[in-house]
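Asks: Before I ask anything, here is the structure I am working with.
The values are calculated or read from the model by the stated rules, or taken from the named source; none is laboratory data. Computed from a prediction, not measured in an experiment: that's the story for all the values here. Because the Cβ atoms are built from the backbone with ideal geometry, glycine has one as well, and the counts that use them run over all protein chains shown.
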Amino acid sequence: MANLSWIAIIVAAMAGFAVGGIWYGPLFGKAWMKERGFTEEELKQGNFALIYGAALAFSIVSAIFLGHLLAHFGEMSARSTMMISIGIALGFIVPAIGTNYLFSRGSVRLFAIDAGYWLLFYAAMGAIFVLLG
């Protein structure tokens, strides 16, 4: 891999993970549960170690690949780093989940909640790579 900052990768992954905690917690947690048809009791029955552990692992994978991509460009401006980071969400993640929601008949509201999360997830990781990368 290109010269990666492992500290930036870990902090970026944690930042993305933290965005999820805020986004699906106090900001849009109740709306997300309603759109998904979950009750609080049903969510409490989940395997939290598996769910949060896997979500953190996926965040680390995303941060590794974003960091790897950014490292190949060499020195970049903060604007370029943020454009690439957010561009990944806008160009790849949002259309992919949008396609899934179209075929699974997901609501526009649920799509907006999840798409907004991924935009902020990649923006947060990009900001960390600007600061620490």
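Asks: Can you tell me which of (1) more than 28 Å from LEU4 (Cβ to Cβ); (2) among the hydrophobic types (A, V, I, L, M, F, W, C); (3) at pLDDT below 95 is the one ALA112 doesn't meet?
Replies: Among (1) more than 28 Å from LEU4 (Cβ to Cβ); (2) among the hydrophobic types (A, V, I, L, M, F, W, C); (3) at pLDDT below 95, the lone unmet condition for ALA112 is (3).
Asks: If you scan segment 1-40, which residues turn out to be more than 22 Å from PHE111 (Cβ to Cβ) and either loosely packed, with under 13 Cβ neighbours inside 10 Å or of a type in the set (Lys, Arg) (or both)?
Replies: The answer is MET1, ALA2, ASN3, TRP6, ILE7, GLU40.
Asks: Could you tell me whether THR99 is more than 25 Å from LEU4 (Cβ to Cβ), among the hydroxyl-bearing types (Ser, Thr, Tyr) and modelled with pLDDT of 95 or more?
Replies: yes
Asks: Residues in segment 41-65 that are in contact with a helix residue (DSSP H, G or I) (Cβ under 8 Å, 6 or more places away or on another chain) and either exposed (fewer than 11 other Cβ atoms within 10 Å of the Cβ) or not β-branched (Val, Ile, Thr) (or both): how many? Full working, then the answer.
Replies: First pass over segment 41-65, keeping only residues in contact with a helix residue (DSSP H, G or I) (Cβ under 8 Å, 6 or more places away or on another chain): 43, 55-56, 59-60, 62-64.
From what's left, either exposed (fewer than 11 other Cβ atoms within 10 Å of the Cβ) or not β-branched (Val, Ile, Thr) (or both): 43, 55-56, 59, 62-63.
Residues meeting the conditions: 6.
Asks: Give the residues of segment 98-115 that are closer than 13 Å to GLU35 by Cβ and either touching a helix residue (DSSP H, G or I) at 6+ places or on another chain (Cβ under 7 Å) or among the small types (Gly, Ala, Ser) (or both), sorted by residue number.
Replies: TYR101, SER104, GLY106, SER107, ARG109, LEU110, PHE111, ALA112, ILE113, ASP114, ALA115, listed by residue number.
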